[in-house]
Amino acid sequence: MGPDGMVAAAEALAASGRSAEKLSLSSLQSKMKCDPEGYESELHLISNQFNSSLELFQKQAAMSFTSVTGISSDPTVAKDLGDRAMFLSHVTPFYPKHLADFPRKLADLLRCAARTLPSGLRCHLTHALILLANRKVVDVGETLSLFMELQTLGDRTLKKLAFDHVVHSIRRMNQKHKNEAKNRALQNVLFGLLQEKSKPPRYSSEQKEKESKTTTGHTQHEKAAAHVI
């Protein structure tokens with residue numbers, strides 16, 4: 001939907017007395033869960049707001065733009081993106097067709113731009129993806145490598161969040177009985193990551209030392225996760 005479409009949608013919502021601004025996101029979320037079909041207009045509006053913010057961050061990442069005056073440092077833009085990501089994660093199970101691409105967009109943003117995002121937003125988006133995984137909208141095998149990679153960014157809060165999610169997901173998956181097929185698939189992902197990290201980096205001695213410290217921490221978490229399986 002283009003800008004004109006978004007304006008038209010907003011005007012239609014305002015005319016109905018049910019604009020997203022008149023309802024808090026939490027209140028709107030509850031209403032949408034009770035009546036998904038009755039709130040499709042609100043869903044489209046918030047989804048488009050999320051997509052607009054997402055495009056800004058993706059363009060910034062593509063340009064390797066890290067200026068302190070950049071979009072990512074704007075607390076309002078970051079908060080809007082994080083809030084809408086969490087909102088859409090909560091309502092995705094009620095709109096599987098409308099939000100079919102949302103989990104992929106969320107994961108892709110973290111894959112390509114996690115290093116350049118503000119820490120708070122990065123954790124917020126990770127929480128949103130974990131929520132989707134907990135509701136079985138996203139399979140642990142599809143995002144395992146991403147969650148392992150998030151642990152290498154030097155963000156302690158994010159590192160714990162990602163590691164705990166991986167361990168809890170694997171344990172929950174095997175809670176009633178061992179899922180050998182999925183366990184083997186996850187082990188293959190983890191072992192692949194371990195092998196990739198064991199390759200000698202082509203860096204200077206200073207870069208090599210820095211990479212070694214990061215890799216060591218990453219490898220320890222990968223081994224710990226593999227041990228759970």
Number of the condition not met by Thr143 [criteria: (1) within 25 Å of Val77 (Cα to Cα); (2) not assigned by TED's automatic domain parsing to the domain that holds Leu99]
(1)
Is it the case that some residue within segment 191-200 is surrounded by 15 or more Cβ atoms within 10 Å (Cβ to Cβ) and either modelled with pLDDT of 80 or more or β-branched (Val, Ile, Thr) (or both)?
no
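Rundown of residues vs (1) outside any helix (DSSP H, G or I); (2) over 26 Å from Lys105 (Cβ atoms); (3) at pLDDT below 90, yes/no style:
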residue: Ala133; (1), (2), (3): no, no, no
residue: Thr143; (1), (2), (3): no, no, yes
residue: Leu146; (1), (2), (3): no, no, no
residue: Thr152; (1), (2), (3): yes, no, yes
residue: Lys208; (1), (2), (3): no, yes, yes
Single match in Phe163, Phe87 (criterion: aromatic (Phe, Trp, Tyr), in contact (Cβ under 8 Å) with a residue 40 or more places away in the chain and either assigned to a loop (DSSP other than H, G, I, E, B) or in the same structural domain as Ser27 (by TED's automatic domain parsing) (or both)):
Phe87
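The values are calculated or read from the model by the stated rules, or taken from the named source; none is laboratory data. Bear in mind the structure is a predicted one, so any value in this text is a computation, not a measurement. Virtual Cβ from ideal backbone geometry, glycine too; neighbours counted across all protein chains shown.
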